[in-house]
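Trainee: Please see the structure below; I have some questions.
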Amino acid sequence: MTIAWGYVLAFIGGLLSIIDTISDALGDPGLKDQISAAFGDTRTVGRILLLISLITIIARLRSLRRAS
């Protein structure tokens with residue numbers, strides 16, 4: 001379950017990192033501004049989530065390897 005949570009965080013972080021492209025594709029240039037107002041700088045938050053997910057997945061895989 002922990003690894004799945006890491007993948008969810010990575011997916012959300014990836015979406016936040018490319019929100020400019022997504023908002024252009026949806027035809028709503030104000031989408032980035034709305035998300036930025038809620039979370040802050042979207043690229044920074046996306047990168048932080050990607051880093052957290054990477055650390056979570058690595059730590060869990062490492063503990064699984066030790067248990068075997």
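The values are calculated or read from the model by the stated rules, or taken from the named source; none is laboratory data. Not measured: the values here are computed from a predicted model. Every residue, glycine among them, receives a Cβ derived from its backbone with ideal geometry; neighbour counts consider all protein chains shown. All accessible areas refer to the heavy atoms of the entire protein, side chains included, with ligands and DNA or RNA removed. Shrake-Rupley method; radii C 1.70, N 1.55, O 1.52, S 1.80 Å.
Trainee: First compute the accessible area of the chain with a 1.4 Å probe, then give the percent of it belonging to carbon and sulfur atoms.
Mentor: Carbon with sulfur: 67 percent of the solvent-accessible area.
Trainee: Just to confirm a number: summing +1 for Lys and Arg and -1 for Asp and Glu over residues other than L31 whose beta-carbon lies under 13 angstrom from that of L31, what do you get?
Mentor: Working: positive: K32; negative: D20, D24, D28, D33.
Surrounding charge for L31 is -3.
Trainee: Working out 0.36 nm times the residue gap between A25 and R43, then minus their Cα-Cα distance, what length gain in nm do you get to one decimal?
Mentor: Gain on stretching A25 to R43: 4.7 nm.
Trainee: State the three equivalent ellipsoid semi-axes of the chain, derived from the C-alpha gyration tensor as the square roots of 5 times its eigenvalues, in descending order and whole Å.
Mentor: On the way: eigenvalues 192, 21, 11 Å².
In descending order the semi-axes read 31, 10, 7 Å.
Trainee: Choose one of L16, Q34, L61: the residue whose Cα lies farthest towards the positive end of the charge dipole of the chain (beta-carbon charges +1 Lys, Arg; -1 Asp, Glu; about the Cα centre).
Mentor: Result: L61.
Trainee: Let me ask another. Accessible area per residue for the chain in Å², computed with a 1.4 Å probe and the full protein assembly in place, what is it?
Mentor: 72
Trainee: Over the chain, what relative contact order in percent results from Cα pairs under 8 Å that are six or more residues apart?
Mentor: Answer for the chain is 50 percent.
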